[in-house]
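I have placed the structure first, in the form of structure tokens, so that the comments after it can refer back to it.
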Amino acid sequence: MSTYTERVMEGVLRRNPSEPEFHQAVKEVLDSLDPILEQHPEYEKNCILERFTEPERVLMFRIPWLNDNGKVQVNRGFRIEFNSAIGPYKGGLRFHPTVTLGVLKFLAFEQILKNSLTTLPMGGGKGGSDFDPKGKSDAEVMRFCQSMMTELCRHIGPNTDVPAGDIGVGGREIGYLFGQYKRLRNEFTGVLTGKGLNWGGSLIRPEATGYGSVYFAQEMLATRDDSLEGKVCTVSGSGNVAQYTIEKLLQCGAKAVSCSDSNGTIHDPDGIDEEKLQFIMELKNVRRGRISEYAEKYPKAKYIKVARPWGIKCDCAFPSATQNEITGDDAKTLLANGCILVSEGANMPTEPEGVDQFVHAGILYGPGKAANAGGVAVSGLEMSQNSQRLRWSREEVDSYLHRIMKDIHKAAFESAEKYGAPGNLVLGANAAGFVKVADSMLDQGLV
Ligand code: NDP
């Protein structure tokens, strides 16, 4: 006789073939929920899990655009409006050639629980396109964004669905998308977050995910009377999340010794200092170059032609690039090298075999939906500021962010204890995020 979660999982596999990332994300959550379902028979009675794993709406559309040579290009656009039980759909847009329906469904599903954990009123969504911004001119990126928004604007709105950035979508892309929305709808509203500071953006939004992941690491270490001071840290990625993770690690007295892009990793045993970080920011955000140039500029650093830094000995690891970037073998290597903490800036960066090893080893392991929730939390604060038509100070937003990350850790930590798995923040985060959404779904009836 199979259990409720097993039956739901079977249905998810049957109805969503060829979506392995979505299966992975759902399975991890369902595996955590048995102790909660035992205490809440009303969830099964009302088919909460069947509804919770089925998106409310999936949009797929054509995005035609002209490249600089006047040639027609066609990409595919998506928006997954997964769950609006606790607020308007909220979640980023990803532009990357690996984007598929299944990848975005996994991200939107994770986002439901993450947004619930932030304590702010935001539902779960995600979107994007298989468009690759790499090597494209600004004019091409603009034409693409305008074409995408021409369709997307029918479905989103400040009280309906509020997208933000993710991989391949930063300030430039949000600007082009916002401009086109404004033109088509003739309204200036907080329909996107991650906006520029001159036109409705929030201070600390660019920093929020990276800073938040480090704040979360501090909370985990504090449970063992430890701190980041003097810790050697490996960071993957060299985009938005990685850059501000490194910045906050520096401020906390830790030493970040690596970062990467999809071609390779740099290992700088002396540590990435303020000046080197400025070089990375200019390289990646302005010149849009490759991380290998770091080793040319700073010859003491080594360039390794592997996109992952997990072979480098470290105390703490901050995966901040993409999903499934820590395999089971990588996890083994990290543990063998004495790693005591993993804080996930990226979404689902650790494969299930790796997660099992971290949990089993009892290291401090902060799953993405908790550790990287700082980005969407400050997006929520950007929405609040837009509604108030006010701008809060840097200190104010940062202190909110810090408090939210502490609260998320506390909720996940206490929930893990409550459901009989002390220290297991995977279970704790899933449980804490889920109950609020499930109860809201019950309150709102069968919709
Ligand atoms: P960016 O596009 O700014 O940076 C992504 C970085 O990861 C780049 O260095 C990129 O290298 C590298 N990368 C991307 N895909 C791969 C791949 N398949 N293999 C190896 N390296 C890869 O994105 P963000 O920093 O915004 O996002 C990073 C992660 O953080 C993602 O998992 C995202 O979902 C998550 N996240 C982001 C939030 C945000 O606020 N931005 C919020 C919460 C989570 P290259 O330049 O070569 O492509």
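The values are calculated or read from the model by the stated rules, or taken from the named source; none is laboratory data. Just so it is clear, the model here is predicted, and its values are computed rather than measured. With ideal geometry, Cβ positions are generated from the backbone for all residues, glycine too; neighbour counts draw on all protein chains shown. Surface areas here come from the heavy atoms of the whole protein model, side chains and all, with no ligands, DNA or RNA. Shrake-Rupley method; radii C 1.70, N 1.55, O 1.52, S 1.80 Å.
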What FRET efficiency comes out for the pair ASN285/GLN39, r = Cβ-Cβ distance, R0 = 41 Å, nearest 0.05? 0.30
Taking LYS369 as the anchor, which lysines have their alpha carbon closer than 16 Å to its alpha carbon, excluding any fewer than eight residues away along the same chain? LYS27, LYS90, LYS105, LYS114, LYS126, LYS406, LYS410, LYS436
Toy charge model, Lys and Arg Cβ at +1, Asp and Glu Cβ at -1: the stretch 102-201 dipole around Cα centroid in debye, rounded to 20, equals 160 debye
Most fluctuating residue of LEU13, LEU104, LEU401 in a GNM of the chain with Cα springs under 10 Å: which is it? LEU13
Log entry: pair-distance distribution for the stretch 110-254, C-alpha pairs binned every 5 Å from zero, whole % per bin is 2, 8, 15, 18, 18, 15, 10, 7, 4, 2, 0
May I ask you to give the average projected area over all directions of the convex hull of the Cα atoms of the stretch 156-241, in nm² rounded to one decimal? 7.6 nm²
Around TYR365, which amide H atoms from residues at least 5 apart in sequence, or from another chain, sit under 5 Å from its own amide H, with H modelled in the peptide plane? VAL342, LEU425
For ILE326, list long-range residues whose amide hydrogen, built 1.01 Å from N in the peptide plane, is under 5 Å from its own amide hydrogen. THR350, GLU351
Karplus ³J(HN,Hα) for the stretch 127-140 (6.51 cos²θ - 1.76 cosθ + 1.60, θ = phi - 60°; Hz, whole; x = Gly/Pro) runs x, x, 7, 7, 5, 10, x, 5, x, 8, 6, 4, 5, 5
In whole angstrom, and with the biggest value first, how far do the Cα coordinates of the stretch 208-366 range along each principal axis? 42, 29, 26
Accessible area per residue of the chain at 1.4 Å probe, in Å²? 40 Å²
How large is log10 I(q)/I(0) at q = 0.18 Å⁻¹ when the Debye formula is applied to the Cα atoms of the stretch 1-69, each weighted equally and without solvent? -0.74
Kirkwood Rh and Cα Rg combined as Rg over Rh, evaluated for the chain: 0.95
With θ set to phi - 60°, apply the Karplus curve 6.51 cos²θ - 1.76 cosθ + 1.60 along the stretch 118-123 and write out the HN-Hα couplings as whole Hz, x wherever there is a Gly or Pro. 5, 6, 9, x, 9, x
DSSP-loop chymotrypsin sites (Phe, Trp or Tyr not before Pro) across the stretch 119-198, with at most 13 other Cβ within 10 angstrom: PHE188
If I model a spin label as a point 7 Å beyond the Cα along the Cα-Cβ vector, how far apart are those points for SER227 and LYS300 in nm? 2.5 nm
A correct Karplus calculation of ³J(HN,Hα) over the stretch 282-295, with 6.51 cos²θ - 1.76 cosθ + 1.60, θ = phi - 60°, whole Hz and x for Gly and Pro, returns 5, 4, 8, 8, 10, 7, 6, x, 9, 5, 4, 5, 4, 5
Cut-off under 5 Å, modelled amide H: who pairs with ASN83 long-range: GLU56, GLY124
Are there GluC sites (Glu not before Pro) in the stretch 219-282 that DSSP puts in a loop and that have at most 11 other Cβ atoms within 10 Å, and which ones? GLU229
Among DSSP beta bridges whose residues both lie in the stretch 3-189, state the antiparallel percentage, nearest 5. 65 percent
Using just the C-alpha positions of the stretch 1-158 as equal point scatterers, what log10 of I(q)/I(0) does the Debye formula give at each q in 0.13, 0.14 1/Å? -0.67, -0.75
Output needed for the stretch 300-447: three equivalent-ellipsoid semi-axes, defined as square roots of 5 times the C-alpha gyration tensor eigenvalues, in descending order, whole Å. 31, 22, 14
Set the bar at 21 Å for Cα to Cα. Now go through LYS276/LYS302; LYS255/LYS276; LYS332/LYS418; LYS134/LYS305 and name every pair that lies beyond it. LYS332/LYS418
Which trypsin sites (Lys or Arg not before Pro) from the stretch 81-174 combine a DSSP loop assignment with at most 15 other Cβ atoms within 10 Å? LYS134, ARG154
